[in-house]
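The values are calculated or read from the model by the stated rules, or taken from the named source; none is laboratory data. Bear in mind that the values here come from a model prediction, so they are computed numbers and not experimental data. Cβ placement follows ideal geometry from the backbone for every residue including glycine, while neighbour counts extend to all protein chains displayed.
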Amino acid sequence: MILCDEESLFADNMKLYVNARFLSQPVSGVQRYGIECCRKIKKKHKECILLAPHNIHNKDAAQELGVEIIGTRTGHLWEQTELPHYLKKLGSPPLFNPCNTAPLSYANNFITLHDLAFHHYPRWNSRAFALWYNYMVPRIVRRSRHMFTVSNTVKDEIIKAYHIPAGHISITPNGIGQSMLDAGAGTSVKQPVVLTVGSFNKRKNHHSLIKAFCDSDLGSRYRLVITGDRNKVFSDTGLDDAMLADKNITLLKGLSETELADSYRTAKVVISLSHYEGFGIPLLEGVYYGCNIVCSDIPVYRELYNDIAFFCRPDTSANIVAAIEAAMTAVPPAPDKVSALLHKYNYQQAADEIVRAMTT
């Protein structure tokens, strides 16, 4: 019993460090995972120290998490040089890297790899990005002390791509962000709105959703709301403001979390037609806010949302239209199914697994 107590005390007092370079980046799903997991880890394990470069983008989160600024460089250069140099002077303590990358020269890495889009679909990114990630990630993965990822689908992909033992990878799922949990789902009158949330790029496949609206009479009965970069919408689809308005399509850019929550509250349907994902946070958020969800029939969405979603072929307008029509007329998700989903996918579960792996 004394040995167990001593081991527990050692684990509680062990300093854990976090590569918080993600705080220098705009917040998308990957950065949200970093922020929310670190919030939970800091509450569970007091000896957790976040290290970041000086070009902090999310200053509120950095202040809340008590981030320590080190070095004078930024970006990958900071991560690959100043961060490992600083940690090696401290005796090479455990380092949690929540957002896909880590210092190559550091031997005590714990890393979350969110998906393998760069491996499967390098054309979706710039050539420089694809080359760097396809060089860096396999080496980091094979040298890491332990790995985390957000779904079993991605875990299986990592095992196949990099020949990593299954026991070397833990599932640490995404969840609902703290600000949304604090605000609560609330009650509101649902409107005939189809909402899609996420950056506008080929991977997210907004083009097929817009085409389905333009090729059908959906716009006469429902409004499509897209959050994202309007310039990319116009350049990728050839549409302009007048054409979008004619099809009852609205673009929203730069929403605060409060405004995004309000959009979820009023939408009847949340849709994601992504060709590839590691998780799909907006669908989980949609379920939390009482929306029916429509999604592309891809493996990860089948894993996560099989019992609650309306599935469709993501490049077939008729199939997309049929799924939207079915979701619009369906009753909201049953409370027990919503509760089960939120109990299964949450950041507390992720943080518990991260701390366990790093302290044992």
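A few remarks follow.
- Listed conditions (1) under 30 Å from His343 (Cβ atoms); (2) among the hydrophobic types (A, V, I, L, M, F, W, C); (3) touching a Ser or Thr at 6+ places or on another chain (Cβ under 9 Å); (4) surrounded by fewer than 20 Cβ atoms within 10 Å (Cβ to Cβ) are all met by Val197, apart from (4).
- When Val287, Val294, Val300 are checked against the criterion of being in the same structural domain as Val193 (by TED's automatic domain parsing), part of a strand (DSSP E or B) and in contact (Cβ under 8 Å) with a residue 12 or more places away in the chain, Val294 stands alone in meeting it.
- Positions within region 143-185 being under 16 Å from the mean Cα position of the chain (by Cα) and part of a loop (DSSP other than H, G, I, E, B), in sequence order: Val150, Ser151, Thr172, Pro173, Asn174, Gly175, Ile176, Gly177
- Qualifying residue in region 103-114 (condition: part of a helix (DSSP H, G or I) and outside the structural domain of Pro299 (by TED's automatic domain parsing)): no
- Any chance Ile226 is surrounded by 15 or more Cβ atoms within 10 Å (Cβ to Cβ), outside the structural domain of Thr112 (by TED's automatic domain parsing) and at pLDDT 90 or above: yes
- Selection status of Ser208, among the small types (Gly, Ala, Ser), assigned by TED's automatic domain parsing to the domain that holds Ile281 and part of a helix (DSSP H, G or I): yes
- Filtered residues of region 146-197 (kept if under 23 Å from Ile35 (Cβ atoms) and without any contact (Cβ under 8 Å) to a residue 12 or more places away in the chain): Leu181, Asp182, Gly184
- All conditions in (1) in contact with a Ser or Thr (Cβ under 7 Å, 6 or more places away or on another chain); (2) aliphatic (A, V, I, L, M); (3) part of a helix (DSSP H, G or I) hold for Ala128, with the sole exception of (1).
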